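Written below as structure tokens is the structure these notes are about.
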Amino acid sequence: MRKSLFIILGATLAGCSLMPEYQRPEPPVSAQWPQAAQTGGVRKATATEWRTFFPDQRLQALISTALEHNRDMRIAAARVEESRALHGITRADRLPGIDAAAGGQAMRTPGDLSSTGKANISHRYDVGLSLLSFELDFWGRVKSLDEAALASFLATEEAQHALRLSLISEVANAYFTLLEMDERTQLARETVKSREETRTLIARRREVGLAGDLDFLQADGALELVRVELASLQRQQAAAENALALLVGQQPSSLPEGRMLTDQGIVADLTADLPAEVLLQRPDVLAAEKRLIAANANIGAARAAFLPRISLTAGLGTASSALSGLFGSGSGSWNFQPALRLPLFDGGRSAAGVDLAEARKVIAVAEYEKTIQQAFREVADLLAARTYLVEQLRAQQAAEKAQNERLRLAEARYKAGITSHLEMLDAQRESFTAQQTTVQIRRAWLTTAAQLYKALGGGS
């Protein structure tokens, strides 16, 4: 009761607005990215359309197909239409609803109920327009509900945009993974061929007494191990193809044969502005803010439950006892029924409604701030990963070059009879591992670039 009195008094003093003024919470993150998160680049993600960021035409075709056929995107689009319809229903409550109606009635009155003592049959015909229970929104209750529904609709739109960015990034990642599997599988095939030639060479040397059984068994074991690796890579390649097909929504018409992770023009470069400029433009953050705005508007609607509610019911038309007299002179009819409803006692339902709305706003504020914190961490991690993966790739490429040169010298020394087969075998293993690791790091860098495009709220 005390709460209702305070709300009524506050509404009287503040005019007709019961909804708290919305103020965006300050982002609970640092104003600068961490030192390790370098922000070099030439393009802003929000100003870069995905076709510009991913210039590879095969990848563009896969992303376009995914945006059209992916089932999650279809669900998200339907959610947007659902939210738009709900907003339309709520918004319609702010306008009067006028119905046109026509009806007829026939009634027999028995003699003992009739004033004349005789049974009679009466007829009535009506045609008119009616206004049913239109609420005069003095306290902004309907307006608050409309603003809450609008904010929920906009949040759904932003959620769809977030899903769209996520799908683009996931398709690109699946594409890069497939390129990685293709390249690593090809390296394994080439290594199998090389190991077969080495085993054949050792078999011939054994026949003339220049190599023993141990060398042959070592070469044979090394060959079989590479075949094991090849089978494993082929399995991963098939899984990557299936993952890409799931994201695209159908079996891709063409897979990226012949493409290499080292090809130019696979992704563009991006820059990251200050956190406040980047994070507040992310669709997931915008969606969280729209949900906060909706929660804020619902407080106004809950507070209005304490105040009088005025509704109007009216009708204008014509009525007659005969169908032919409906539009005759003097047949006009009207009714006007204003109603005032003032809640006096509801067992604390209205007060609990305000408490519920305020609690939900507190939750929405916390969720909004948590979304910003998670976004800050995601971008900072990806910026740091981009920096360090470049350094890691540079070092790995140098290591691969050194291992390839070592293998060349070891093979030459073995053929000249200067060194043992074990030394050459060790050089082969290290070279193969270095090549595979280089491809993995290169794919990791491309995946980071695709994820960073999403994290920075890339263009449509």
**OP:** Can you figure out the FRET efficiency of residue 74 with residue 420, using R₀ = 51 Å and their beta-carbon distance, to the nearest 0.05?
**Re:** 0.20
**OP:** Could you list the chymotrypsin sites (Phe, Trp or Tyr not before Pro) in the stretch 288-347 that lie in coil according to DSSP, counting only those with at most 13 other Cβ atoms within 10 Å of their Cβ?
**Re:** 327, 345
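Quick one: of 143/361; 193/415; 143/454; 143/290, which pairs are farther than 27 Å apart, Cα to Cα?
In this structure, 143/454 exceed 27 Å between Cα atoms.
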Subject >> Under the Debye formula (equal points on every Cα, no solvent term), log10 I(q)/I(0) of the stretch 260-342 at q = 0.12, 0.16, 0.18, 0.20 Å⁻¹ >> reply: -0.74, -0.89, -0.94, -1.00
Original post:
By how many nm would the segment from residue 132 to residue 216 lengthen if fully extended, with 0.36 nm per residue of separation less the alpha-carbon distance?
Top reply: 20.6 nm
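In the stretch 111-143, which chymotrypsin sites (Phe, Trp or Tyr not before Pro) are in a loop and have at most 16 other Cβ atoms within 10 Å, using DSSP for the loop call?
Loop-located and lightly packed - 138.
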**OP:** Give me the Debye-computed log₁₀ of I(q)/I(0) at q = 0.21, 0.23 Å⁻¹ for the stretch 32-137, equal point scatterers on Cα only, no solvent, two decimals.
**Re:** -1.14, -1.18
Original post:
For a paramagnetic label modelled at 7 Å from the Cα of residue 333 toward its Cβ, which residues of the stretch 95-120 fall within the zone defined by backbone nitrogen distances under 11 Å?
Top reply: 102-105
**OP:** Would you work out which of 73, 288, 337 lies farthest towards the positive end of the dipole of the chain, given +1 charges on the beta-carbon of Lys and Arg and -1 on that of Asp and Glu, about the Cα centre?
**Re:** 337
**OP:** Report the net charge of residues surrounding residue 451, where surrounding means a beta-carbon distance below 10 angstrom and charges are Lys +1, Arg +1, Asp -1, Glu -1.
**Re:** -1
**OP:** Would you calculate the separation in nanometres between label points at residue 22 and residue 374, each defined as 7 Å from the Cα along the Cα-to-beta-carbon direction?
**Re:** 2.1 nm
**OP:** Find me the longest stretch of the chain that has none of the exposed GluC sites (Glu not before Pro), where exposed means in a DSSP loop (not H, G, I, E or B) with at most 13 other Cβ atoms within 10 Å.
**Re:** 50-256
Subject >> Segment residue 319-residue 200, extension gain: residue separation times 0.36 nm, minus the distance between their alpha carbons >> reply: 32.0 nm
Subject >> Separation in nanometres of the label points that stand 7 Å from Cα toward Cβ, at residue 116 and residue 92 >> reply: 4.6 nm
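Bear in mind that the values in this text are calculations on the coordinates, not laboratory data. The shown structure was predicted, so the numbers you read here are calculated from the model rather than taken from an experiment. Cβ coordinates were reconstructed from backbone atoms using ideal geometry, including for glycine residues, and neighbour counts include every protein chain displayed.
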